[in-house]
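> Can you keep this structure in mind? I'll have questions shortly.
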């Protein structure tokens, strides 16, 4: 595991959506640090179940008007 927080986020497989896209959607702006933290959280807890959960959470995010 890398000690570089900016590199760690790339240890997870690429996908169509991500944790930060659904976690903060419609809740105001998000800093680069918050995005990095959520990407790293996803990379550490990467699993099939978590991917299904993110896909389910993506559906309501698609219908919100605010962009992230």
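Only the coordinates and a few stated rules stand behind these numbers; no lab work does. Note that this is a predicted model, so its numbers are computed, not measured.
> Can you tell me the length gained on complete extension of the stretch residue 37 to residue 14, counting 0.36 nm per residue apart and subtracting the Cα distance? Please list the in-between numbers first.
Details: separation 23, 0.36 × 23 = 8.28 nm, distance 1.61 nm.
Result: 6.7 nm gained on full extension.
> Run the numbers for residue 59 and residue 30: contour at 0.36 nm per residue of separation, minus the present Cα-Cα distance, in nm. Mind showing how you got there, number by number?
On the way: separation 29, 0.36 × 29 = 10.44 nm, distance 2.01 nm.
Roughly 8.4 nm would be gained on extension.
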